[in-house]
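Only one structure is covered here, and it is reproduced in the block below.
The values are calculated or read from the model by the stated rules, or taken from the named source; none is laboratory data. Keep in mind that what you see is a predicted model, and the values were worked out from it rather than measured. When we count neighbours, we look across all protein chains shown, and the Cβ atoms used for this are built from the backbone with ideal geometry, even at glycine. For accessibility, only protein heavy atoms count, side chains too; no ligands or nucleic acids. Shrake-Rupley method; radii C 1.70, N 1.55, O 1.52, S 1.80 Å.
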Amino acid sequence: MNLLLPIILILPIIVNSQLACPPNYTLVIDKCLMIIKTPLTHSQAETDCTYNGGTLINRAVTQFASNAGINKTWIGLFCFENRNTSMCYYDDASGTLMDYNSFASGYPMVDGIYGGCVYMPTTGSLAAKWVSVKCEAESIPAICQVPDNNSDLVTVHSKREVDYIKSLYRGTIDPVDILIGAQQTLPNIYTWVDGYPWEKFDYRDPMDRGAQNIDCLTMNSVTGLWTRAVCDRPLLFVCKRYITGNPSQTEVATTENPSDFSNCNTTFLMTPGTITSYGYLSTSPPEENCTWRIVTLGPYRVRLFFTDVDTYNTIYVYNENGIEIEAVRYSRSVISRSNIVTVSLQGSGETGYRGFRAVALTY
């Protein structure tokens, strides 16, 4: 039986030693950029960029923007604290602000009338400086950038790459399963064919019920989630090639208490991560009230998979402004409205309930 073999090179490709950009993108030095002149809120701009597998630009391109006739543009950066650039994370998962910082004096400011999203004026006294604002308070033009770190059977190291692969199959009538370059080496332990550390990005479907002795993984073209698949059956696959250098291996740090696996009362848990009720699986849990503040990178939302729920009290999920968005009483998934979400459970001390477990992924 012949395999279905649509060999697609994840952009960019090399032609005569030059980088080739996808349709509607322009090569600027070594980056593929696309301008969206229509003013958009931050979430709208991110939606347009991720539709094509990209993110908002994460470096200053003042001259390019100015030449295109736009006087400001969103930056692919989100900040979680006032005047602390180490708590500003790039949308493309390349880490925090370390090697470049163009914030205007006194910024970033995220509290009160300010916010965690960042834009850059291209004219006037603040030209090329970064300013933080509430994500939905402004409508601003945007510049998208597609991945520039792209090898053999596709390996997937960020949500950004998940989005790009999904974009290749947009328009197909039915969802398809795409073989990815991961292999199970021990029970529930996988490795990438390119040697990239597995634990840095894991987008397996927490609800996958495939047999544990199935060693390959496929990616769903609609959800992007990975599920177990038999290795010797016909599957679609995608190929990937690096242009220069190696993929970024900057690890996004999470804040957690190493002595408490529940992450109870965590104020900054970066996806991916797992939370449980305090004393999970104990049928005589302590009467402990817990909240979890879960965040993800700027262009995305948080998807919570409640894989096990057996609690006396209801689990509540709130948006970043403290407004309740879901009440959870059984196993299900919940998608946040923004990149910040809070989960709360009031401990009851009642016996006979094992608690809950939830997996938080970038959506």
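Please find, among 353, 318, the residue that is modelled with pLDDT of 95 or more and hydroxyl-bearing (Ser, Thr, Tyr).
On the way: 353 fails: modelled with pLDDT of 95 or more.
That would be 318, the only listed residue that is modelled with pLDDT of 95 or more and hydroxyl-bearing (Ser, Thr, Tyr).
Which numbered condition trips up residue 124, out of (1) touching a Phe, Trp or Tyr at 6+ places or on another chain (Cβ under 9 Å); (2) at positive phi?
Residue 124 satisfies all of (1) touching a Phe, Trp or Tyr at 6+ places or on another chain (Cβ under 9 Å); (2) at positive phi except (1).
Residue by residue through segment 59-78, note down the ones that are within 29 Å of residue 112 (Cβ to Cβ) and either over 15 Å from the mean Cα position of the chain (by Cα) or open to solvent by 30 Å² or more (accessible area, probe 1.4 Å) (or both).
The answer is 59, 60, 62, 65, 70, 71, 72, 73, 74, 75.
Of all residues in segment 85-124 being among the aromatic types (Phe, Trp, Tyr) and outside any strand (DSSP E or B), which is surrounded by the most Cβ atoms within 10 Å (Cβ to Cβ)? Lay out the reasoning, then the answer.
In the first step, residues of segment 85-124 are kept if they are among the aromatic types (Phe, Trp, Tyr); the result is 89-90, 100, 103, 107, 114, 119.
If we keep only those that are outside any strand (DSSP E or B) too, we end up with 100, 107, 114.
Numbers: 100: 9, 107: 20, 114: 18.
Here the answer is 107.
Being part of a loop (DSSP other than H, G, I, E, B), out of contact with any Leu (no Cβ under 7 Å at 6 or more places or on another chain) and open to solvent by less than 60 Å² (accessible area, probe 1.4 Å) is the filter here; which residues of segment 260-279 pass it? Steps first, answer last, please.
Initial filter on segment 260-279 (part of a loop (DSSP other than H, G, I, E, B)): 260-265, 271-272, 277-279.
In the following step, the residues that additionally are out of contact with any Leu (no Cβ under 7 Å at 6 or more places or on another chain) were identified as 260-262, 264-265, 278-279.
If the condition is that a residue be part of a loop (DSSP other than H, G, I, E, B), out of contact with any Leu (no Cβ under 7 Å at 6 or more places or on another chain) and open to solvent by less than 60 Å² (accessible area, probe 1.4 Å), then 260, 262, 264, 279 are the ones that fit.
Condition first: outside the structural domain of residue 97 (by the TED database), at pLDDT below 85 and more than 20 Å from residue 153 (Cβ to Cβ). Can you find one or more residues in segment 260-279 that meet it?
yes
Just to check your reading of the model, which residue among 320, 324, 287 is touching a Phe, Trp or Tyr at 6+ places or on another chain (Cβ under 7 Å) and acidic (Asp, Glu)?
Numbers: 320 fails: touching a Phe, Trp or Tyr at 6+ places or on another chain (Cβ under 7 Å); 287 fails: touching a Phe, Trp or Tyr at 6+ places or on another chain (Cβ under 7 Å).
When all the criteria are applied, what remains is 324.
Residue 123 is checked against (1) closer than 30 Å to residue 237 by Cα; (2) out of contact with any helix residue (DSSP H, G or I) (no Cβ under 6 Å at 6 or more places or on another chain) and fails just one. What number does that condition carry?
All conditions pass for residue 123, except number (1).
Scan segment 212-241 residue by residue and report those that are touching a Lys or Arg at 6+ places or on another chain (Cβ under 9 Å), assigned to a loop (DSSP other than H, G, I, E, B) and open to solvent by less than 50 Å² (accessible area, probe 1.4 Å).
Within segment 212-241, 214, 221, 224, 225 qualify.
How many residues are among the polar types (S, T, N, Q) and at pLDDT 90 or above when one looks only at segment 129-153?
In the first step, residues of segment 129-153 are kept if they are among the polar types (S, T, N, Q); the result is 132, 139, 145, 149-151.
Cutting the leftovers down to at pLDDT 90 or above gives us 132, 139.
So the answer is 2.
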